[in-house]
Amino acid sequence: MTESPYKLFTVIIYSENSVGLLNQVSNIFTRRCLNIEDVTASLSSAPGVHKLTITTESDRPTMEKVVGQLEKIVEVIKVGLYTDDDIIYQEIALYKVPTMELLQSHELETIIRSHGARILEMTPEYTIIEKTGHRWEIEALFDCLKRYDIRQFVRSGRVCVTNSPVEHIDLFLEKQRQRQKQSEQ
Amino acid sequence: MSQEHAIKQTTIDKTTSITGAEALLRSLVAEGVDTVFGYPGGAILPVYNALYDFKDLRHILVRHEQGAMHAAQGYARATGRVGTVIVTSGPGAANCVTGLSDAMMDSTPIVLITGQVGARYLGSDAFQETDVVAVTQPITKWAYQVRRAADLPEAVAKAYYIASTGRPGPVVLDIAKDAQVGMVENYCHRHVNFIRSYNPEPETSPAAIAEAAQLINSASKPMIIAGGGVTGAGADALLQSLAEKAEIPVAATLMGMSAMPADHPLFMGMAGMHGAVGVNVATNRADVIIAIGMRFDDRVTGNTATYAPQAKIIHIDIDRSEFNKTVAVDVAIHGDAAKVLEALLPQVKPASHSDWLRLFAECHQAEDAEVYSRELRRSGSEPMTMGEVADKISATAPMGTIAVTDVGQNQMMTARYFRCSAPRSLITSGGLGTMGFGLPAAMGAAVGAPDRTVCYFGGDGGFQMTIQELGTIMQYNIPVKMIVFNNSFLGNVRQWQQLFFNGRFSQTPLLNPDFVAIAAAYNIAAERVADRADLQAAIERMLDHDGPYLLDIAIDPTDMVFPMTPAGRDVDFIMLTPDTTYSHD
Ligand SMILES: Cc1cc2nc3c(=O)[nH]c(=O)nc-3n(C[C@H](O)[C@H](O)[C@H](O)COP(=O)(O)OP(=O)(O)OC[C@H]3O[C@@H](n4cnc5c(N)ncnc54)[C@H](O)[C@@H]3O)c2cc1C
Ligand SMILES: Cc1ncc(C[n+]2csc(CCOP(=O)(O)OP(=O)(O)O)c2C)c(N)n1
């Protein structure tokens with residue numbers, strides 16, 4: 001059997017914080033009919049540098065072309081393309097469940113323990129449970145809580161860092177600083 | 001790179017306090033702009049007000065904003081400098097969309113300045129508000145909105161830096177009214193030559209160059225395909241040196257056609273759909289292809305699955321995302337074509353490939369017998385063809401003449417039969433294929449290159465798409481020589497209908513006005529040529545005339561552009577007539 005060329009890819013985009021950037025980024029995916037599974041925007045460790053984390057399912061040749069096009073956006077500093085082996089990643093989910101039903105079942109504590117979840121808030125009406133982990137773990141807890149009538153559910157996009165010992169963005173920014181020095185001479 | 005302007009040093013022009021509108025104009029001058037094409041309107045009025053007594057810029061008032069864009073493209077392509085356009089918000093900006101998309105496709109450096117409603121009205125559906133940045137982002141290299149006067153000088157500097165460096169392209173500066181009327185304290189313009197997130201000058205890998213040299217030195221059937229990037233890089237002479245040093249035949253894409261003089265013995269003609277037979281046959285027999293500043297467009301490759309099966313492909317391009325985009329390459333050299341060729345040349349050994357060159361000669365013989373003869377050597381009574389007109393003009397016009405084409409058969413016939421004698425002498429809409437491009441682009445080329453003769457070649461369809469620019473030509477007496485191929489058909493579409501839709505000419509016949517009378521109404525000298533016997537003399541009158549001149553030439557509507565590789569077919573599947581294909585044994 002040959003492996004399906006389709007895989008989940010994580011794209012990390014380091015950029016300036018500019019208006020309309022997300023629009024430009026998502027355009028590049030939509031032009032190729034790629035569905036963005038999730039997006040997370042945040043600061044990065046480099047001063048003033050923003051970080052977009054996007055996951056999408058595709059094949060490597062297509063994704064390499066997408067990366068090339070992303071890097072052409074003027075405000076984009078650097079783009080990395082990863083599969084799950086290259087990164088440490090997590091997602092976070094919140095579940096809002098009626099308190100009464102949970103308590104009646106006497107299983108609350110077992111569920112929380114066995115899924116490594118925690119209770120954020122408990123009122124007579126509802127309980128908010130938080131779970132951090134991989135997608136399948138979040139889904140497993142969802143399945144388990146289903147019978148207590150989940151009132152609200154939300155899952156974040158993926159947050160991740162690479163497992164490489166080298167910080168490519170720092171090296172790149174250092175190179176750019178050299179280039180700036182040269183351009184000023 | 002050749003796009004760089006004469007002015008490179010940081011110029012500091014300190015004045016106390018000026019309006020944003022005036023700062024904009026001064027910054028344009030500081031960036032080396034001498035000419036702008038434009039059209040006024042409400043949201044850009046403060047800029048036009050400042051322009052009223054600003055003497056350092058020449059403003060050409062077009063008749064439609066699309067015309068301004070194509071004129072700026074023609075200007076940029078003829079000069080290698082950035083073309084500049086100023087228009088109003090909403091409809092003015094929207095009319096520029098076609099030109100932006102065209103410039104993006106053909107890597108043409110343009111700065112478009114659009115007026116925008118006041119910052120506090122943004123997002124409120126204010127009168128003539130279009131979200132220009134959102135509309136243009138996917139079809140520009142950079143689109144940016146300026147809301148404060150103080151930000152204008154830097155935004156202008158960045159715009160010119162981005163438009164002209166790396167892979168050139170169009171840039172939009174959308175300037176809210178506040179920024180135009182607000183004051184700039186201690187105005188000062190500084191050039192930008194560094195942006196942290198943008199690196200237009202890649203470091204070229206010496207290893208890749210060495211690998212390429214080795215492939216070239218061991219090749220027995222090498223071929224160069226030169227594209228628009230050769231012209232962009234100003235690498236025309238280097239290309240010729242490389243070809244001559246190792247006796248390598250050179251083909252060009254439509255966009256690269258003037259990178260080498262057409263009469264050079266190693267120049268073999270255009271690649272692709274309507275290219276030279278020899279080039280397309282050789283593509284699938286070559287052992288090494290050196291692709292320089294070209295992007296393996298589908299009009300060039302035909303079926304990519306069978307494209308150049310024997311060849312190791314060396315691809316030189318400044319845009320990394322072009323590598324392996326449509327065709328897999330063996331050696332990718334990321335860099336400016338001129339810099340790469342400079343580094344490559346000393347490592348390439350002199351060679352001769354006379355056996356290989358014979359292939360081109362043999363193919364040309366067949367092409368001459370089947371195609372050139374029908375196109376160029378008709379007898380007196382037969383109707384005229386576009387090819388013979390382009391051929392005759394090419395033979396009569398002075399060295400360095402620039403041919404600007406519209407889109408369609410006129411474009412292919414000009415590319416095939418007009419012989420370029422100098423760099424930047426074929427200006428055409430390649431990637432987008434925008435009908436209506438030609439006339440305003442010719443106008444812009446003539447404004448930008450006043451020392452060169454500029455001939456416009458267009459069809460009767462495309463001519464009428466931007467015919468209003470005759471008004472601009474009249475007003476500024478722009479000496480464009482206009483050749484209208486009048487076949488009363490949308491010829492190129494008619495050809496496809498003839499070949500692939502059983503001759504069902506759905507919506508392609510045209511009832512045309514009297515173009516000579518139209519020219520006369522604009523006070524432009526013009527004549528109709530209906531007989532071959534009158535053609536040469538009419539061409540001479542046109543070229544000798546001081547000022548614009550129009551020839552309305554009756555063309556055989558049944559004539560078709562051959563050779564032709566139908567879309568998606570193997571590149572060496574070459575139709576020479578509607579029912580014969582070329583085969584080379
Ligand atoms: C009716 C019609 C028919 C056509 N038929 C044909 C045909 O038969 N044959 C044909 O060839 N075309 C044809 N075309 C044109 C075709 O659609 C493409 O526009 C054309 O082939 C592209 O040319 P190019 O590859 O040179 O690319 P361009 O669009 O000119 O791109 C230039 C390339 O060079 C790179 N570059 C830019 N600057 C530099 C630099 N300084 N250094 C290095 N690289 C640089 C860019 O990154 C880019 O990859 C036709 C178009 C129309 C409308
Ligand atoms: C704006 C635009 N609309 C439609 C087309 C499709 N098209 C390509 S060539 C052509 C016919 C051109 O006819 P004409 O201008 O008379 O030139 P000819 O082919 O006869 O030289 C058409 C309609 C196009 N390229 N651009």
Exercise. Out of segment A:104-122, which residues are free of Cβ contacts under 8 Å to residues at least 24 places away in the same chain, surrounded by 14 or more Cβ atoms within 10 Å (Cβ to Cβ) and not in a strand (DSSP E or B)?
Worked result: A:Glu107, A:Leu108, A:Ile112
For this session: Using the structure shown, decide if B:Thr565 is more than 19 Å from B:Ala403 (Cα to Cα), within 16 Å of ligand 1 (Cβ to nearest atom), touching a strand residue (DSSP E or B) at 6+ places or on another chain (Cβ under 6 Å) and hydroxyl-bearing (Ser, Thr, Tyr).
Result: no
For this session: Can you work out which of the residues in segment B:134-149 that are more than 15 Å from A:Glu75 (Cα to Cα) and of a type in the set (D, E, K, R) is nearest to the other protein chains (Cβ to nearest Cβ)?
Result: B:Arg147
Exercise. Only one residue in B:Val250, B:Val230 is under 22 Å from B:Ser425 (Cα atoms), free of Cβ contacts under 8 Å to residues at least 60 places away in the same chain and touching a Leu at 6+ places or on another chain (Cβ under 6 Å), so which one is that?
Worked result: B:Val250
Problem set entry | segment B:320-335 - residue that is within 17 Å of A:Met63 (Cα to Cα) and of a type outside the set (S, T, N, Q) and, of those, nearest to ligand 1 (Cβ to nearest atom) | B:Glu322
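I'd like the full set of residues that are at positive phi and out of contact with any helix residue (DSSP H, G or I) (no Cβ under 9 Å at 6 or more places or on another chain), limited to segment B:242-268.
Of everything in segment B:242-268, nothing turns out to be at positive phi and out of contact with any helix residue (DSSP H, G or I) (no Cβ under 9 Å at 6 or more places or on another chain).
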For this session: Mind listing whichever residues of segment B:415-433 are in a helix (DSSP H, G or I) and within 11 Å of ligand 1 (Cβ to nearest atom)?
Result: B:Ala415, B:Arg416
For this session: Go over the candidates B:Ser89, B:Ser124 one by one and state the one that is among the hydroxyl-bearing types (Ser, Thr, Tyr) and without any contact (Cβ under 8 Å) to a residue 24 or more places away in the chain.
Result: B:Ser124
Problem set entry | Members of segment A:75-93 found to be outside any strand (DSSP E or B) and away from chain B (no Cβ under 14 Å), listed by number | A:Thr83, A:Asp84, A:Asp85, A:Asp86
Exercise. In this structure, is B:Val389 in contact with a Gly (Cβ under 6 Å, 6 or more places away or on another chain), outside any loop (DSSP other than H, G, I, E, B), of a type outside the set (S, T, N, Q) and surrounded by 22 or more Cβ atoms within 10 Å (Cβ to Cβ)?
Worked result: no
For this session: Mind telling me which of the residues A:Glu174, A:Glu101, A:Glu130 ends up being touching a Leu at 6+ places or on another chain (Cβ under 7 Å) and surrounded by fewer than 16 Cβ atoms within 10 Å (Cβ to Cβ)?
Result: A:Glu130
Exercise. Taking segment B:291-323 on its own, how many of its residues are within 16 Å of ligand 2 (Cβ to nearest atom) and in a helix (DSSP H, G or I)?
Worked result: 2
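Does segment A:160-177 contain at least one residue that is among the basic types (Lys, Arg), modelled with pLDDT under 95, not in a strand (DSSP E or B) and not assigned by TED's automatic domain parsing to the domain that holds A:Ser114?
Yes, segment A:160-177 has at least one match.
Confirm whether A:Lys96 is within 14 Å of chain B (Cβ to nearest Cβ), part of a strand (DSSP E or B), touching a residue at least 12 places away in the same chain (Cβ under 8 Å) and out of contact with any Gly (no Cβ under 9 Å at 6 or more places or on another chain).
In short, no.
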Seminar exercise, completed: For segment B:172-215 the number of residues that are at the interface with another protein chain (Cβ under 9 Å from one of its Cβ atoms) and in contact with a strand residue (DSSP E or B) (Cβ under 8 Å, 6 or more places away or on another chain) is 2
Exercise. Take the residues of segment B:242-268 that are farther than 13 Å from B:Ala337 by Cα and part of a helix (DSSP H, G or I): which is farthest from the chain's Cα centre (by Cα)?
Worked result: B:Lys245
Exercise. Just a yes or no: is a residue in segment B:348-366 more than 25 Å from B:Leu239 (Cβ to Cβ), away from ligand 2 (no atom under 16 Å from the Cβ) and not assigned by TED's automatic domain parsing to the domain that holds B:Tyr549?
Worked result: yes
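Let's see how each residue does on (1) modelled with pLDDT under 95; (2) among the β-branched types (Val, Ile, Thr); (3) over 15 Å from B:Asp460 (Cα atoms):
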| site | (1), (2), (3) |
| --- | --- |
| B:Pro509 | no, no, no |
| B:Asn512 | no, no, no |
| B:Ala519 | no, no, no |
| B:Val529 | no, yes, no |
| B:Gly547 | no, no, yes |
| B:Asp552 | no, no, no |
| B:Asp556 | no, no, no |
For this session: Sort through B:Ile314, B:Ile402 and tell me the only one that's at pLDDT 95 or above, crowded, with 22+ Cβ neighbours inside 10 Å and outside the structural domain of B:Ala415 (by TED's automatic domain parsing).
Result: B:Ile314
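I'd like to know if segment B:520-539 contains one or more residues that are under 20 Å from B:Gly408 (Cα atoms) and either in contact with a Phe, Trp or Tyr (Cβ under 7 Å, 6 or more places away or on another chain) or surrounded by fewer than 19 Cβ atoms within 10 Å (Cβ to Cβ) (or both).
Within segment B:520-539, not a single residue is under 20 Å from B:Gly408 (Cα atoms) and either in contact with a Phe, Trp or Tyr (Cβ under 7 Å, 6 or more places away or on another chain) or surrounded by fewer than 19 Cβ atoms within 10 Å (Cβ to Cβ) (or both).
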Exercise. Residues in segment B:100-116: is at least one touching a residue at least 24 places away in the same chain (Cβ under 8 Å), more than 14 Å from chain A (Cβ to nearest Cβ) and more than 26 Å from A:Val76 (Cα to Cα)?
Worked result: yes
For this session: Report those strands (runs of 3 or more DSSP E) wholly inside segment B:508-577 carrying at least 2 residues which are without any contact (Cβ under 8 Å) to a residue 40 or more places away in the chain.
Result: B:525-529
For this session: Scan segment B:473-486 and give yes if some residue there is within 15 Å of ligand 1 (Cβ to nearest atom) and either within 22 Å of B:Gly228 (Cβ to Cβ) or within 14 Å of chain A (Cβ to nearest Cβ) (or both), otherwise no.
Result: no
For this session: Test B:Ile483 against the criterion of being touching a helix residue (DSSP H, G or I) at 6+ places or on another chain (Cβ under 9 Å) and either more than 12 Å from ligand 2 (Cβ to nearest atom) or assigned to a loop (DSSP other than H, G, I, E, B) (or both), and give yes or no.
Result: no
Exercise. Would segment B:359-372 turn up any residue that is without any contact (Cβ under 8 Å) to a residue 60 or more places away in the chain and under 22 Å from B:Met105 (Cα atoms)?
Worked result: no
For this session: Determine which single condition A:Arg32 fails, assuming it passes every other condition in (1) among the charged types (D, E, K, R); (2) closer than 18 Å to A:Tyr82 by Cβ; (3) more than 11 Å from chain B (Cβ to nearest Cβ).
Result: (2)
Exercise. Which members of segment B:432-471 meet the condition of being surrounded by fewer than 24 Cβ atoms within 10 Å (Cβ to Cβ) and more than 9 Å from ligand 2 (Cβ to nearest atom)?
Worked result: B:Ala449, B:Pro450, B:Asp451, B:Arg452, B:Thr453, B:Ile467, B:Gln468, B:Gly471
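The values are calculated or read from the model by the stated rules, or taken from the named source; none is laboratory data. These numbers come from a predicted model, not from an experiment. Cβ coordinates were reconstructed from backbone atoms using ideal geometry, including for glycine residues, and neighbour counts include every protein chain displayed.
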